[in-house]
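Please read the structure below before turning to the comments.
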Amino acid sequence: MNLLMDLWQVQEMRTALLVGSTVAIATACIGVLTVLRGQSFAGHSLTDLASVGGSAAYLLGINQLWGFLVASVLAGLGMHAIGIERIRGRDVATGIVLATGMGFTSLFITLSMTGKSGGSAAVAVLFGSLFAINPQTVPLICLLAVVSIVAMALIWRPALFVTVSPQLAHANGVRNGLINAVFMCILGIGVALGSISVGAILSTALLIGPASCGLILARRMRDAIITAGVLGFASVWIGVILSYESYHWTGGKSWSVSFCIVALILLMYLVCRVLRSLGLVHGNARRKAVVAHV
Amino acid sequence: MMPQSMSLKNQDEGSVSTKATATSHERSVAFNGRSLLDVHGIHVEIGGTEILKGIDLSVAPGEFLGLIGSNGAGKTTLLRTILGDIEPSSGTVSIMGRKRAKAGMVGYVPQKIQLDPDLPIRAKDLVALGLDGQRFGIGIRSSHFWDQVEHAMRAVGAWEFADRPVGRLSGGQQQRVLIAAALVANPKLMLLDEPLANLDPANADDIVSLLNSIRTREGISIILSAHDINPLIDSLDKVVYLASGNAVVGKTDEVITTEVLSKLYCHPIEVLHAGGRVMVMAGDNAHAHAHDADPFGAKKAED
């Protein structure tokens with residue numbers, strides 16, 4: 001308890017914990033439906049393209065969050081327009097587009113390294129750091145988190161219906177195209193929030209990891225979301241504290257906060273898988289979960 | 001053997017059924033203000049291929065219609081056109097005088113629904129989505145709401161597995177849940193696409209008698225597509241026999257005859273009756289005129 005009180009005195013810690021918790025809860029809501037829809041792949045592709053926006057924003061000296069947000073929402077809508085199943089089917093074209101995205105990211109990062117002092121550009125964009133978040137960004141992050149949660153709640157029933165069975169939903173008057181497009185926008189916001197917290201490359205872990213655990217452990221959607229939220233929240237808090245404290249154990253070379261969070265998520269996921277294979281939980285075989293990116 | 005005339009409340013539609021014979025079915029559609037569904041001369045083209053070549057049919061309240069035909073005959077296309085999913089290139093569909101059904105007016109049970117066994121959704125959650133799944137917002141579901149869900153699930157005998165994950169139910173159980181999900185919004189018309197496929201004969205019979213009792217009790221009209229008429233033969237009021245985009249509409253014993261089906265298929269067909277069942281077969285040598293080879297193969301339309 002004393003430790004927590006001490007940590008709370010540090011401005012960066014407060015920002016990190018506040019942002020991390022908010023983002024963990026928002027991405028839990030988004031992630032559960034993403035995993036169920038089998039769109040972990042889309043989520044990961046979005047992060048590649050989000051990093052282009054993040055690095056461009058870094059180069060231009062704009063807040064990176066705007067870069068992440070604009071790029072990933074646009075990319076999400078683009079994917080929706082082309083058709084996600086088609087994108088997945090044409091893996092060569094998709095691979096090239098995504099690789100090109102990373103190419104641009106590297107260009108923008110190199111340009112900002114030569115132009116300004118920023119040798120940390122690559123680290124900031126790709127791997128992020130909750131400790132390095134500008135406190136002025138916090139209100140915007142919270143606003144985006146609230147917007148994404150409210151939007152999720154708004155489309156919840158039709159989105160769930162489309163996930164369960166697109167034909168049945170359509171027959172019941174759901175406008176599948178509209179719902180899917182809105183969901184891709186929300187996913188874009190989720191990816192941007194994840195990117196600003198743990199970096200573009202690692203944001204899939206935050207989006208998909210706790211959600212997959214929730215789906216393994218829970219029998220109902222509501223419980224899955226709550227579980228995912230709690231696990232995401234816990235991994236952020238423990239990860240932040242671990243990273244901060246590791247300074248003392250490692251002789252001044254602290255572990256990156258993104259590493260700590262993502263490692264904890266992987267650990268949770270593995271524990272869930274073990275619990276399931278032992279038959280201790282009811283056994284959701286979430287084949288689609290992608291935590292390989294960790 | 002066959003219920004020629006429907007239950008009492010359909011007496012005034014009786015004339016429609018009688019008129020809808022194989023030869024005069026086109027006329028049966030027009031001027032019938034009382035029918036629930038009127039399909040008039042619809043042609044549907046998909047990707048340059050004409051799937052439906054002028055279909056006419058009408059359905060009265062409480063009527064049970066069987067849409068029979070082999071794979072690729074256009075059964076799903078016809079159902080989806082009625083549903084408003086597919087726009088016909090010509091012809092009209094009207095449901096209670098409307099071009100597009102109001103939400104809840106038509107219940108639809110699609111063909112071959114794949115439900116993920118790991119979906120954290122209970123059977124009753126799926127039925128609940130059938131009632132309010134198209135609405136925005138989270139929505140507070142009242143006890144009255146759940147009463148409706150329970151009522152629909154009891155009506156199809158699905159209440160006992162209401163709390164189980166829907167993806168883990170057997171095929172017959174899932175079919176009941178899907179029917180409940182279509183029934184829960186109190187539709188006037190239910191469209192079921194091949195609901196008997198993949199069911200064993202006992203389950204198929206159960207589903208048919210279930211549907212028969214629903215339409216009698218609730219007065220809901222039912223259109224059900226199937227490739228085999230036999231499980232339905234005692235329940236149907238009317239048959240729509242589809243073959244390569246053309247249809248014959250009428251009572252079962254009027255449609256399933258050697259003459260009518262031969263004309264529809266443009267090929268000699270033989271209808272055999274055996275033990276209350278019918279067999280539709282490509283005609284034998286006695287009927288084959290100039291055709292030396294049988295393009296259907298030995299038992300093409302064995303349905």
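For this structure, a couple of remarks:
- Condition check for residue B:194: within 12 Å of the chain's Cα centre (by Cα) and acidic (Asp, Glu): yes
- In the stretch B:118-142, of all residues being more than 19 Å from residue A:155 (Cα to Cα) and within 8 Å of chain A (Cβ to nearest Cβ), the one that is most open to solvent (accessible area, probe 1.4 Å) corresponds to B:122.
- Checking each residue in the stretch A:223-243 for being at the interface with chain B (Cβ under 9 Å from one of its Cβ atoms) and open to solvent by 30 Å² or more (accessible area, probe 1.4 Å) picks out only A:223.
- If you go through the stretch A:234-256 and keep only what is farther than 20 Å from residue A:5 by Cβ and under 16 Å from the mean Cα position of the chain (by Cα), you end up with just A:235.
- Hits in the stretch B:78-112 - residues which are within 14 Å of another protein chain (Cβ to nearest Cβ), over 14 Å from the mean Cα position of the chain (by Cα) and surrounded by 19 or more Cβ atoms within 10 Å (Cβ to Cβ): B:86, B:95, B:101
- Looking across the stretch B:67-88, the residues that are closer than 25 Å to residue A:166 by Cβ and among the polar types (S, T, N, Q) come down to B:71, B:76, B:77, B:81.
- Only one of A:181, A:211, A:151 that is in a helix (DSSP H, G or I), surrounded by fewer than 24 Cβ atoms within 10 Å (Cβ to Cβ) and more than 11 Å from chain B (Cβ to nearest Cβ): A:181
- Answer residue from the stretch B:153-168, given it is under 21 Å from the mean Cα position of the chain (by Cα) and outside any loop (DSSP other than H, G, I, E, B) and is surrounded by the fewest Cβ atoms within 10 Å (Cβ to Cβ) among those: B:155
- Residue A:176 meets each of the listed conditions (1) within 10 Å of chain B (Cβ to nearest Cβ); (2) more than 13 Å from residue A:268 (Cα to Cα) apart from (1).
- Of the candidates A:165, A:129, the single residue that is among the hydroxyl-bearing types (Ser, Thr, Tyr), away from chain B (no Cβ under 14 Å) and either under 14 Å from the mean Cα position of the chain (by Cα) or crowded, with 18+ Cβ neighbours inside 10 Å (or both) is A:129.
- Unmet criterion (only one of (1) part of a helix (DSSP H, G or I); (2) at pLDDT 80 or above; (3) more than 26 Å from residue A:262 (Cα to Cα)) for residue A:93: (2)
- Of all the numbered requirements in (1) of a type in the set (Lys, Arg); (2) within 14 Å of chain A (Cβ to nearest Cβ); (3) open to solvent by less than 50 Å² (accessible area, probe 1.4 Å), residue B:75 misses one, and that requirement is (2).
- Hey, residue B:147 of a type in the set (Asp, Glu) and within 10 Å of chain A (Cβ to nearest Cβ) or not: no
The values are calculated or read from the model by the stated rules, or taken from the named source; none is laboratory data. Owing to the predicted nature of the structure, the values given are computational and were not obtained by experimental measurement. Cβ atoms come from the backbone with ideal geometry, glycine included; neighbour counts cover every protein chain shown. Surface areas here come from the heavy atoms of the whole protein model, side chains and all, with no ligands, DNA or RNA. Shrake-Rupley method; radii C 1.70, N 1.55, O 1.52, S 1.80 Å.
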